[in-house]
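These notes concern the structure reproduced below.
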Amino acid sequence: MLAINESTVCGDGPFLFGPPQIVTMPTPHSPTMVATGDVDGDGDLDVVVPGRNVEGFAYLMLNEGGVLGAPIELTTGGQTDWVEIVDLDGDGQLDLCFAVRSLRGRLSILRGNGDGTFADFEEISLGREPRGVVVDDLDGDGDPDIAAMNHRLPIIDILLNDGAGGFDRAPQVVVGRSSVGIPFPQSIRTADFDADGDRDLVIVATGASRVFICRNQGDATFEPSDGWRPSRVNGQIGGMTDLVVGDLDLDGDEDLVVPLILIGESSHVGIFENRGSTSSIGFDRNLAFPSTNLGYAYAAALGDLDGDDDLDVVVGHALPGPVMVLDNRTVPISAGGDGSVRFEPPQQIANDSFFRGLAVADLDGDCDLDVLAVELISNSLWVIPNLTPQASGCGDGFVGRVAALPGSKGLPDMPGINLDRLADLDRNGVVNGSDIALFLAAMRGDSTQDAERDRRPQGATPQ
């Protein structure tokens, strides 16, 4: 236990987190990410966990007063790497939109009934192996559209909402065609990077070791993508598997955060700091902060964990898998500072084998943000309650001790990555962090790598 002096200043001390609630999935699931939304209309946030379950299940956990209930099977029609929880058809009920990971890629949409139950899934065909989907108003007509990212093709499918929850296809977006090697898009988000009032696309292409920005022309057509490499760390370009968007320096525009996988170096968090131009999109990329010297940085999330009105960073790692938090100490120009992004050294709040997906949300209703993390190897969801005294006066005001961290369970079946045997997966002529990133992104928790039992349609090519 770590004792905290009672004079600890709210919002200006170490983060405090309690012992995790760990929910183990009832079948081998290889969970890939976690999303939250009030799907049963009772005022608290429920949890959906997609995964590479060979039976085609995802799992829903209903929130009962801050405690998650037993996982409920949701039939999605295939392995899923991503889900968005959103009202697609304007009926006031939250729906689920899954990216189904298959060489015959598709979306699987489950329409919500508002009570935590869903209609049978509907499908929309996509390209090869969609791993991510984002739902946002891309054409400015007030309803949510879909951008779906295919991993095996450098293509983003754009589906425009017809106003009733049906979708029409718009021109596809090509990502990273001119880059060296195979792009392998892995993560997608939206934001208005150039402050022109419409939503742009941002994609991490793991094989290209680049972040690509596709600027929206206002009607859900996009300019050719611009590729940006992250900051070098001791001469290395890190492998990237995830990205999150938020205003880190409090200057009013959207910045990017990416986990960086490095060889022979501590994992880092890379920052793409928005230059704030309204005529073009540009980033300063000279910032990278250590996240841990244990394992490979894989997943990231942003949230104000201590109530001081800035965004802190959460990073999940693999092989081994600590969850680390970095306290944002940036003093914005508007408050008399220089606006330079700064963080406290990373603080560990959990440890296991491979934390593949993260989210932050107030799950227990005490008005501070808890950390949710899916653990691939142990087939589980971790809910780590936030006990940090909040500068805003929110939260339960707990000051006292930090719970002991769970010990690592080890990796009896997955001893790690042998760099001597690691292949040049992106075919760019060199083995580097991007190849480790691709290896981790393909990993299953049950040692049946990519053995999808996709029963519809018969004869589909297995991945």
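The values are calculated or read from the model by the stated rules, or taken from the named source; none is laboratory data. Predicted model only: the values in this text are computed from it and were never measured. Backbone-built Cβ (ideal geometry, glycine too); neighbour counts: all protein chains shown. All accessible areas refer to the heavy atoms of the entire protein, side chains included, with ligands and DNA or RNA removed. Shrake-Rupley method; radii C 1.70, N 1.55, O 1.52, S 1.80 Å.
Evaluate the stretch 241-248: report whether one residue or more is touching a helix residue (DSSP H, G or I) at 6+ places or on another chain (Cβ under 9 Å) and open to solvent by 40 Å² or more (accessible area, probe 1.4 Å). Lay out the reasoning, then the answer.
As a first pass, look at the stretch 241-248 and keep what is touching a helix residue (DSSP H, G or I) at 6+ places or on another chain (Cβ under 9 Å): 241.
Narrowing further to those that are open to solvent by 40 Å² or more (accessible area, probe 1.4 Å): none.
No - not one qualifying residue is present in the stretch 241-248.
Using the structure shown, decide if Thr221 is open to solvent by 20 Å² or more (accessible area, probe 1.4 Å), out of contact with any helix residue (DSSP H, G or I) (no Cβ under 7 Å at 6 or more places or on another chain) and at pLDDT 95 or above.
In short, yes.
If I filter the stretch 315-329 for residues that are surrounded by 18 or more Cβ atoms within 10 Å (Cβ to Cβ), part of a loop (DSSP other than H, G, I, E, B) and out of contact with any helix residue (DSSP H, G or I) (no Cβ under 9 Å at 6 or more places or on another chain), do I get at least one hit?
Yes, because at least one residue in the stretch 315-329 is surrounded by 18 or more Cβ atoms within 10 Å (Cβ to Cβ), part of a loop (DSSP other than H, G, I, E, B) and out of contact with any helix residue (DSSP H, G or I) (no Cβ under 9 Å at 6 or more places or on another chain).
Could you tell me which numbered condition Pro345 fails, if it satisfies all but one of (1) modelled with pLDDT of 95 or more; (2) at positive phi?
Failing condition for Pro345: (2).
Name the residue that is farthest from the chain's Cα centre (by Cα), counting only residues in the stretch 77-93 that are within 19 Å of Ala148 (Cβ to Cβ) and open to solvent by 10 Å² or more (accessible area, probe 1.4 Å).
Here the residue is Asp89.
What are the residues in the stretch 250-260 that are over 14 Å from Val314 (Cα atoms) and open to solvent by less than 10 Å² (accessible area, probe 1.4 Å), if any?
Going through the stretch 250-260, the residues over 14 Å from Val314 (Cα atoms) turn out to be 250-255.
Residue satisfying the conditions is Asp255 alone.
With respect to Arg199, determine if the residue is in contact (Cβ under 8 Å) with a residue 24 or more places away in the chain, closer than 23 Å to Asp89 by Cα and charged (D, E, K, R).
Working: in contact (Cβ under 8 Å) with a residue 24 or more places away in the chain: yes; closer than 23 Å to Asp89 by Cα: yes; charged (D, E, K, R): yes.
Taking the combined requirement at face value, the residue satisfies it.
Quick check on the stretch 188-200. Is at least one of its residues surrounded by fewer than 18 Cβ atoms within 10 Å (Cβ to Cβ) and hydroxyl-bearing (Ser, Thr, Tyr)?
Scanning the stretch 188-200, I find no residue that is surrounded by fewer than 18 Cβ atoms within 10 Å (Cβ to Cβ) and hydroxyl-bearing (Ser, Thr, Tyr), so the answer is no.
Quick check: anything in the stretch 293-305 farther than 22 Å from Phe354 by Cα and polar (S, T, N, Q)?
no
Say we look at the stretch 345-370 and pick out the residues that are open to solvent by less than 10 Å² (accessible area, probe 1.4 Å) and touching a Leu at 6+ places or on another chain (Cβ under 7 Å); which of these is nearest to Ile261 (Cα to Cα)?
That would be Phe354.
Mind counting the residues in the stretch 222-237 that are under 23 Å from His151 (Cβ atoms) and not in a strand (DSSP E or B)?
6
Assuming Val204 fulfils every condition listed in (1) touching a Ser or Thr at 6+ places or on another chain (Cβ under 7 Å); (2) modelled with pLDDT of 95 or more; (3) outside any strand (DSSP E or B) apart from one, which condition is it?
(3)
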